[in-house]
Ligand SMILES: Cc1ncc(COP(=O)(O)O)c(C=O)c1O
């Protein structure tokens with residue numbers, strides 16, 4: 001009965017809305033975000049307001065997307081609108097992707113295809129891997145380090161100080177002893193420091209987090225050198241576990257001929273990537289792959305869901321495997337490679353533009369993350385949604401970032417910079433320690449404010 005009433009109400013309301021009997025302009029927008037009072041009903045005026053709020057919110061998002069430069073997100077997702085009819089369904093991949101369950105509204109067939117694709121990309125045989133579609137890079141890291149700890153319960157976690165905060169969070173959650181390794185100016189792990197710390201802790205196994213692209217500088221840890229260092233320090237295969245945090249670069253380095261590969265053929269234990277990053281998805285998601293033999297360590301039979309519990313999350317998003325599957329189908333290997341090439345070229349374009357404007361800047365080889373001096377004004381940082389650490393800011397040149405966006409950004413930055421530093425009372429920061437003397441254009445190391453090369 002309640003359903004019938006609400007259907008009738010909706011019909012009447014829609015009629016009132018479409019005849020213009022109720023005007024959107026009557027909505028008092030500043031207050032409209034407030035939810036209804038607890039026992040209040042959603043009347044026809046409120047429905048008109050809800051529509052208006054949604055229209056305005058879409059306009060807001062469109063504007064924000066056109067100024068989104070600082071985060072690892074690909075906002076070119078329009079083609080995924082094809083999948084919007086699926087929003088009518090609750091789709092839930094609860095439990096293990098490879099096990100049948102008695103819940104029918106799942107997308108595990110899509111999920112397994114996606115996993116097969118990534119397994120092939122990262123070079124592990126179909127019958128040797130296990131994995132699942134996660135809620136993003138963080139969940140993949142949490143899953144991986146849990147596996148590492150279960151495999152080597154008294155292992156010490158080694159990770160560089162420029163690792164993503166989810167790695168340190170995992171160490172706290174699992175109460176793991178964590179050795180923080182220093183980094184080179186590029187942001188890459190310093191293998192001399194790693195060696196020194198491994199030697200000090202030779203009696204305990206090593207769980208190593210390898211950054212395939214650090215968050216801030218996009219630096220790629222040298223996997224081959226890390227493995228060599230482990231071997232030279234006397235760690236045999238069964239006394240170390242390597243996880244590759246490839247949140248962004250998991251879909252970049254496999255497409256670059258010049259960059260050393262990370263691959264299961266090199267003896268690593270797991271890889272995680274965020275799928276909303278390079279590939280692009282309207283909501284956070286990711287992929288985690290590990291070796292099949294390890295997952296038994298986590299598996300618990302759960303009668304209630306009639307399947308195995310092997311994943312960090314219980315209920316799992318069933319839409320995201322389809323978004324990823326669709327994206328991989330539409331773009332294909334070639335399409336992603338084109339996106340990667342475009343991003344690399346555009347990143348170099350931005351680096352050159354900043355340099356020519358006399359701004360301290362660094363771009364690692366084969367990287368899409370351009371690091372430069374932190375703009376003085378927080379309004380500017382907010383407007384372009386820049387991510388900042390200390391005196392540094394960065395732009396992540398993702399597939400949605402066009403040359404026009406970069407030109408507008410550069411133009412705005414140069415204009416504002418001339419105002420911020422006009423009277424010489426403040427000077428641009430020195431970034432010699434952070435990005436190297438040769439990349440620093442402060443008064444001491446470059447030509448300062450009015451310089452440029
Ligand atoms: C290196 C690295 N690892 C992990 C993550 C976390 O990924 P997510 O935001 O998908 O949880 C990020 C996010 O930027 C990252 O840069």
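Matching residues to (1) within 16 Å of the ligand (Cβ to nearest atom); (2) within 19 Å of residue 281 (Cβ to Cβ); (3) under 23 Å from the mean Cα position of the chain (by Cα); (4) not in a helix (DSSP H, G or I):
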site: 55; (1), (2), (3), (4): no, no, no, no
site: 64; (1), (2), (3), (4): no, yes, yes, no
site: 68; (1), (2), (3), (4): yes, yes, yes, yes
site: 73; (1), (2), (3), (4): yes, yes, yes, yes
site: 81; (1), (2), (3), (4): no, yes, yes, no
site: 85; (1), (2), (3), (4): no, yes, no, no
site: 95; (1), (2), (3), (4): no, no, no, yes
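Being surrounded by fewer than 18 Cβ atoms within 10 Å (Cβ to Cβ), within 24 Å of the chain's Cα centre (by Cα) and free of Cβ contacts under 8 Å to residues at least 60 places away in the same chain holds for only one residue in 260, 282, and it is 260. Of all the numbered requirements in (1) surrounded by 15 or more Cβ atoms within 10 Å (Cβ to Cβ); (2) under 19 Å from residue 392 (Cα atoms), residue 161 misses one, and that requirement is (1).
Screening 144, 119 for residues that are within 16 Å of the ligand (Cβ to nearest atom) and either crowded, with 23+ Cβ neighbours inside 10 Å or under 21 Å from residue 248 (Cα atoms) (or both) leaves exactly one candidate, 144. Scanning the range 229-284 for residues that are assigned to a strand (DSSP E or B) and within 16 Å of the ligand (Cβ to nearest atom) gives 242, 243, 244, 245, 270, 271, 272, 273, 274.
Residues of the range 299-317 that are touching a strand residue (DSSP E or B) at 6+ places or on another chain (Cβ under 8 Å) and part of a loop (DSSP other than H, G, I, E, B): 299, 310, 311, 312, 313, 315, 316. Please identify the pairs in which a residue from the range 148-177 that is closer than 22 Å to residue 267 by Cα has its Cβ atom under 7 Å from the Cβ atom of a residue that is in a helix (DSSP H, G or I) and more than 16 Å from the ligand (Cβ to nearest atom), counting only partners at least 6 apart or on another chain. Between residues of the range 148-177 that are closer than 22 Å to residue 267 by Cα and residues that are in a helix (DSSP H, G or I) and more than 16 Å from the ligand (Cβ to nearest atom), the close pairs are 151/294; 155/149; 158/194; 158/197. Taken as a whole, the condition of being under 16 Å from residue 137 (Cα atoms) and either more than 16 Å from the ligand (Cβ to nearest atom) or not in a loop (DSSP other than H, G, I, E, B) (or both) does not apply to residue 322. Counting only residues that are in contact with a helix residue (DSSP H, G or I) (Cβ under 8 Å, 6 or more places away or on another chain) and either over 15 Å from residue 192 (Cα atoms) or loosely packed, with under 15 Cβ neighbours inside 10 Å (or both), how many does the range 218-227 have? Going through the range 218-227 one residue at a time, the tally reaches 3. Do we find that residue 209 is within 23 Å of the chain's Cα centre (by Cα) and either away from the ligand (no atom under 16 Å from the Cβ) or within 23 Å of residue 320 (Cα to Cα) (or both) in this structure? Taking the combined requirement at face value, the residue does not satisfy it.
Taking into account only those residues within the range 107-144 that are assigned to a loop (DSSP other than H, G, I, E, B) and out of contact with any strand residue (DSSP E or B) (no Cβ under 6 Å at 6 or more places or on another chain), which is farthest from residue 261 (Cα to Cα)?
Step one: of the range 107-144, the residues assigned to a loop (DSSP other than H, G, I, E, B) are 107, 122-125, 135-136.
Now drop any that are not out of contact with any strand residue (DSSP E or B) (no Cβ under 6 Å at 6 or more places or on another chain), which leaves 107, 123-125, 135.
Details: 107: 31, 123: 10, 124: 13, 125: 17, 135: 25 Å.
Ranking the qualifying residues of the range 107-144, first place goes to 107.
Would you be able to tell me the number of residues in the range 148-157 that are in a helix (DSSP H, G or I) and away from the ligand (no atom under 16 Å from the Cβ)? Total satisfying the criteria: 3. Against the criterion of being touching a strand residue (DSSP E or B) at 6+ places or on another chain (Cβ under 8 Å) and touching a residue at least 40 places away in the same chain (Cβ under 8 Å), residue 439 qualifies. Per the conditions (1) under 30 Å from residue 392 (Cα atoms); (2) in a helix (DSSP H, G or I); (3) in contact with a helix residue (DSSP H, G or I) (Cβ under 8 Å, 6 or more places away or on another chain), the sole criterion not satisfied by residue 359 is (2).
In this structure, residue 138 qualifies as on the phi < 0 side of the Ramachandran plot, in contact with a helix residue (DSSP H, G or I) (Cβ under 6 Å, 6 or more places away or on another chain) and within 10 Å of the ligand (Cβ to nearest atom).
Looking at the structure I just gave you, is residue 200 modelled with pLDDT of 95 or more, touching a strand residue (DSSP E or B) at 6+ places or on another chain (Cβ under 9 Å), closer than 29 Å to residue 95 by Cβ and away from the ligand (no atom under 16 Å from the Cβ)?
So residue 200 fails the test.
The values are calculated or read from the model by the stated rules, or taken from the named source; none is laboratory data. Predicted model, so just to flag it, every value in this text is computed and none were measured. Cβ: placed from backbone, ideal geometry, glycine included. Neighbour counts: every protein chain shown.
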